[in-house]
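Asks: My questions all concern the structure below.
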Amino acid sequence: MNQPLLEVTDLNKNFGGIIATNRLYLSVEQGQVHAVIGPNGAGKTTLISQLSGQLKPTSGRIDFEGRNITGFSTARRARAGLARSFQITSVIMPMTLLENVMLAVQGSDGHSFRFWSSVQRDSAMIDAAMKSLVEVGLDDRADRIAAQVSHGERRQLEVAMALAMGPKLLLLDEPMAGMGSEETARMVEILSGLKGDKAILLIEHDMDAVFSLADSLSVLVNGHIIATDTVEKIRNNSDVQRAYLGEEHA
Amino acid sequence: MRILPKTVSAGVYTGFLALLAIAPWIFSVIDEPFYLDLLSRGLILAIAALSLNLILGYGGMVSLGHAAYLGIGAYCVGIPAYYDFYNGWLHLGLTVLVSGLFALVTGAICLRTKGVYFIMITLAFSQMVYFTFVSLEEYGGDDGLVIYLRSEFPTWLSMESPVALYYWIFTVLLITLFFIHRLVHARFGRVIVGSRFNEDRMQSLGYSTYRYRLTCYVISGVICGIAGMLLGNFTSFISPEMMGWTRSGELIFMVVIGGAGTLFGPLVGTAAFVFLEEFLSYITIYWHLIFGLMLIALVLFGKGGIHGWLSAFDRKEKRG
Ligand SMILES: Nc1ncnc2c1ncn2[C@@H]1O[C@H](COP(=O)(O)OP(=O)(O)OP(=O)(O)O)[C@@H](O)[C@H]1O
Ligand SMILES: [Mg+2]
């Protein structure tokens, strides 16, 4: 019964000559926030893409809830409970925020071969979507077109969509990327609200955010995880400081 | 995104449909039966354009082979008629079956590709059908086939007289409009529209987009096949020419000039097309050239085609 929610075993990914993921082992426990930190180009996004199915690993194995999902398509993984947010915002630009989140709700609510009833009158779906918008604080902008809101708001929309899928595990790829300090604080607040409730694999550059949110932490360098531990221990680990955190945290 | 036009444009379209409903009466009063012919043909093309709009406008699947379904539908009337089978249900059933199957098989392949490749491969498949019929000497090959009698239906559904055929076409048009309206607002349609803008994102939301897009492609093909079945009955002479790639291009013109991805856009676009074709070809033999220039102008300067202009009017109205 003590099996982790997500378990990655000996994952490898090569792009031609570039080794982007190198003998990577990782596990995320139920209800925990696990952060992955690492310098630019370390292979963090590549890792997330392999977990969510956009990229096929060169070799290795991914188990989710004790099931081998390595061969699953992106859509099937999403339906199994893996929700991803993108480092580079990826939403349906010409649609409203509400319509975007409704698509996320709909995707996790059975098949969509329904040709007749209008979703605009589906109050259950609208309510569920509004709930996610409230969670990230976008409910007052529900009817704005995604292309017309600010960058920070679109980042929040990303997270709202991932939440609306009702996932078992959230894969968040730098949710604070490109945000101002106020928006970052807001996002940290949103994520801490989820803590304990949802398992999260969090990729983040902002160390303060990581230290306040994560239960445990892995350090990724050149596609390989060089250390995994509790936040406290990583902070005091001199190898890690040298490899990644640099002088300011030493 | 607003799909069903409101206010000014809704008024215009309702009036337009009402006019279509009484058109045969008007033409008989002014004694111009030729116009009924023109309108019947226009409405058949409109149904075809509506079906293309479903994949092109809503789904972002730019098919340059849609006229193949017009041909398939027409030959599903012509070939049975050649063997003296005139049963209308047989024609209709055959049309649905053959166009659906053709869309399923070719769509399964086309939808593996994107962008220009998609355009080219849809074109290739339609040319395949074209040349197949050209080579079928038994059914007239290049010269085509004459259909001596229209599809036979029970009296209340008969399409014998020109007016009865017109109402057949008009009814199919109304059903198509209503069906597409429901479909694009239903769950299925939202997946189609979402996939047009960001297919990767839709997949990561849990949608196996390929299946939905393929289903949409088949629905579109079947509707266009039915338009072809009506066309076969209307022209009573069918030939491979009606599924040539120029006809496919014209269908794209109708969709784009009217306003792709809007419910009534293709209808307006078809009206514009038929009007231009009729009157420009009267003035100059280079009317296709004028079409081309208009299309380029529209792509460069226009926003959302004729429907776009109409709904810009709506927006002004709201502010004022
Ligand atoms: N599709 C690709 N083709 C070739 N190389 C790639 C591809 N995607 C990523 N890479 C390479 O793999 C390595 C890891 O990239 P990745 O985007 O995963 O890094 P990251 O840790 O997410 O960086 P960042 O902090 O900048 O987001 C980089 O060297 C990158 O250039
Ligand atoms: Mg990255």
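The values are calculated or read from the model by the stated rules, or taken from the named source; none is laboratory data. These numbers were taken from a predicted model, which means no experiment stands behind them. Quick reminder, even Gly has a Cβ in these numbers, built from the backbone with ideal geometry, and neighbours come from all protein chains shown. Quick note on the areas: whole protein, heavy atoms, side chains included, nothing else; ligands and nucleic acids left out. Shrake-Rupley method; radii C 1.70, N 1.55, O 1.52, S 1.80 Å.
Asks: Here are some residues: B:Ile175, B:Ile180, B:Ile192, B:Ile169. Which one is open to solvent by less than 40 Å² (accessible area, probe 1.4 Å), β-branched (Val, Ile, Thr), closer than 13 Å to B:Leu230 by Cβ and at pLDDT 95 or above?
Replies: Exactly one of B:Ile175, B:Ile180, B:Ile192, B:Ile169 is open to solvent by less than 40 Å² (accessible area, probe 1.4 Å), β-branched (Val, Ile, Thr), closer than 13 Å to B:Leu230 by Cβ and at pLDDT 95 or above, namely B:Ile169.
Asks: In addition: Which pairs do you get when a residue that is farther than 17 Å from A:Val33 by Cβ and open to solvent by 60 Å² or more (accessible area, probe 1.4 Å), found in the stretch A:222-248, comes within reach of a residue that is among the polar types (S, T, N, Q) and modelled with pLDDT of 65 or more, reach meaning Cβ atoms under 8 angstrom, with the pair 6+ apart or on two chains?
Replies: Qualifying pairs under 8 Å: A:Asn222/A:Asn22.
Asks: So how many residues does the stretch B:137-166 have that are in contact with an Asp or Glu (Cβ under 8 Å, 6 or more places away or on another chain) and open to solvent by 50 Å² or more (accessible area, probe 1.4 Å)?
Replies: Summing the residues that are in contact with an Asp or Glu (Cβ under 8 Å, 6 or more places away or on another chain) and open to solvent by 50 Å² or more (accessible area, probe 1.4 Å) in the stretch B:137-166 gives 2.
Asks: Quick test for you: out of A:Thr70, A:Thr74, pick the one residue that is β-branched (Val, Ile, Thr) and within 12 Å of chain B (Cβ to nearest Cβ).
Replies: A:Thr74
Asks: So is A:Leu163 in a helix (DSSP H, G or I), more than 11 Å from every other protein chain (Cβ to nearest Cβ) and either more than 16 Å from ligand 1 (Cβ to nearest atom) or among the basic types (Lys, Arg) (or both) or not?
Replies: For A:Leu163, the condition - in a helix (DSSP H, G or I), more than 11 Å from every other protein chain (Cβ to nearest Cβ) and either more than 16 Å from ligand 1 (Cβ to nearest atom) or among the basic types (Lys, Arg) (or both) - is met.
Asks: A further question on this structure: Restricting attention to the stretch A:199-209, which residues are open to solvent by less than 40 Å² (accessible area, probe 1.4 Å) and at pLDDT below 90?
Replies: A:Met207, A:Ala209, listed by residue number.
Asks: Just to be sure before I move on: is A:Val219 farther than 30 Å from A:Val149 by Cβ, modelled with pLDDT of 85 or more and either in contact with a Gly (Cβ under 9 Å, 6 or more places away or on another chain) or open to solvent by less than 40 Å² (accessible area, probe 1.4 Å) (or both) in the structure I sent?
Replies: In short, yes.
Asks: Filtering the stretch A:26-54 down to residues that are of a type in the set (Ser, Thr, Tyr) and within 10 Å of ligand 1 (Cβ to nearest atom), which residue is nearest to the other protein chains (Cβ to nearest Cβ)?
Replies: A:Ser49
Asks: Continuing with the same structure: Against the definition (touching a helix residue (DSSP H, G or I) at 6+ places or on another chain (Cβ under 9 Å) and either buried (at least 24 other Cβ atoms within 10 Å of the Cβ) or at the interface with chain A (Cβ under 7 Å from one of its Cβ atoms) (or both)), how does B:Gly228 come out, yes or no?
Replies: yes
Asks: Answer yes or no as to whether B:Pro240 is open to solvent by less than 40 Å² (accessible area, probe 1.4 Å) and of a type outside the set (A, V, I, L, M).
Replies: So B:Pro240 fits the description; yes.
Asks: How about the stretch A:117-156: which of its residues are in contact with a Ser or Thr (Cβ under 8 Å, 6 or more places away or on another chain), outside any loop (DSSP other than H, G, I, E, B) and either open to solvent by 70 Å² or more (accessible area, probe 1.4 Å) or farther than 30 Å from B:Leu177 by Cβ (or both)?
Replies: A:His151, A:Arg154, A:Arg155
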